[in-house]
Amino acid sequence: KFYQRATTEASQATLASVSPVFAVMKLDKEGNTTYFEKKKTELYQELGLQARDLRFQHLMSIATRNNRIIVRMEFLKAVITPEFLLILDYRNLNLEHWLFNELASQLAGEGQLVTYSLPFEFRAIEAILQYRISKLQGRLNTLQPQILETLEALVDPKLLSVDRSKLHILLQNGKSLSELETDLKVFKETILEILDEEELIEELCLSKWTDPQVFEESTSGIDHAEEMELLLENYYRQAEDLANEARELRVLIDDSESIIFINLDSHRNVMMRLNLQLTMGTFSLSLFGLIGVAFGMNLESSLEEDPRIFWLVMGIMFLGSGLIWRRLLSFLGRHLEPPLPPHVPAVLKKSQPAAGRVEIKNNLKAETFGLSRSTF
């Protein structure tokens, strides 16, 4: 028994020594900030939470537990109560500027938050959502000029080849854009899950259930649940706008890739046509070169004694080669030229309004381009 007791105490001491310790930043309603370190077991016991509530397994989540709001925004881990805000593991280089220069003033009502007149949890949630949206907006503002500059350098019809370094940059930017689209999608889905459940919106209004005055205001006409819903919808719309801008960049990249391939195909077709013309010229010379081969054989005839025969044979060879090459070029031109667009009757032109004529014209142009493209 003594041995088992000693083993149990030693195991408990070991678990206590290796239990995670949070570096906590605490901000109250007035913006006062305090810093301390506390073990995970002590922290969730003081907050009335369970151990699994502080695991932060998801990259982004907003959940409520025992009148506490538990928020995870990528690197940001926070717990919101009606009286204060706790930032866990605040020693992060990506958060220092916002935590030490902006967050305290926003919670105290000195910033530009629209919820400064509402309870504390509204200001805390809005500050965190605003920080997340600003980070996503900053990533998009960084990617957009880089992508546009790279595409402008690549989509040039004068270029006979594509710069591989530019393609590598475009590939990296495309990957970053995909990550941004994924983060925006996760942000929107998280907000939408809350908006779809009225109970979750009610649970986010912490002061409504702890402060009698706030509860009376909520029942008398100032519905804090509606204010919370409007707040979440506002940031959902902002995320939707950012997602649309990212989607437009993605479409622009896809269209630019098509233009690049068309330009390369056009230059490739020019080189193939030149190669075909040279091949036909070589064939023509080789065909009439058989005459010179015949006269160069070791056969005796009376023609080799006449000095004018050499020039006559040379003339026939070059004239025949030129004629055959010309015929081959005309044959090639007839089969590679794009077909003419179909004739539109005059009656149809008169009956169609101006908008209809423009639409028919655009359709004919598109069909002509498609036919010439398929011919190539």
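The values are calculated or read from the model by the stated rules, or taken from the named source; none is laboratory data. Please read these numbers as outputs of a predicted model, since none were measured by experiment. With ideal geometry, Cβ positions are generated from the backbone for all residues, glycine too; neighbour counts draw on all protein chains shown. Please note that ligands, DNA and RNA were not included when accessible areas were found on the heavy atoms of the full protein model with its side chains. Shrake-Rupley method; radii C 1.70, N 1.55, O 1.52, S 1.80 Å.
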Extension gain (nm, one decimal) between Gln50 and Thr182, 0.36 nm per residue minus Cα-Cα: 44.5 nm
With the cut-off at 1.5 for a/c, could you classify the range 97-147 from its C-alpha gyration tensor as rounded, prolate or oblate? prolate
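Carbon-plus-sulfur fraction of the accessible area of the range 21-264, 1.4 Å probe, in percent? Don't skip to the answer; put the middle values down first.
Numbers: 6400 of 13150 Å².
In the range 21-264, the share of accessible area belonging to carbon and sulfur is 49 percent.
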Solvent accessible area, Å² - Glu199, 1.4 Å probe, full protein context: 130
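Provide the packing ranking of 272-281, 170-179, i.e. peptides ordered by the mean count of other C-beta atoms within 10 Å per residue, highest first.
170-179, 272-281
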Modelling each spin label as a point 7 Å along the Cα-to-Cβ direction, I'd like the Asp254/Glu152 distance in nm, to one decimal. 2.5
At 1.4 Å probe size, with every protein chain present, just tell me what the per residue accessible area of the range 21-264 comes to in Å². 54
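Can you tell me the alpha carbon radius of gyration of the range 21-264 divided by the globular rule-of-thumb value 2.2 N^0.38 Å?
Here the answer is 1.23, to two decimals.
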At what distance in nm do the modelled label points of Lys38 and Val114 sit from each other, each positioned 7 Å from its Cα along Cα→Cβ? 3.4
Gain on full stretching of the segment that runs from Leu312 to Lys175 - 0.36 nm per residue minus C-alpha separation: 42.4 nm
Just subtract the alpha-carbon distance of Phe331 and Ser61 from 0.36 nm times their residue separation and send over the number in nm, one decimal. 90.3 nm
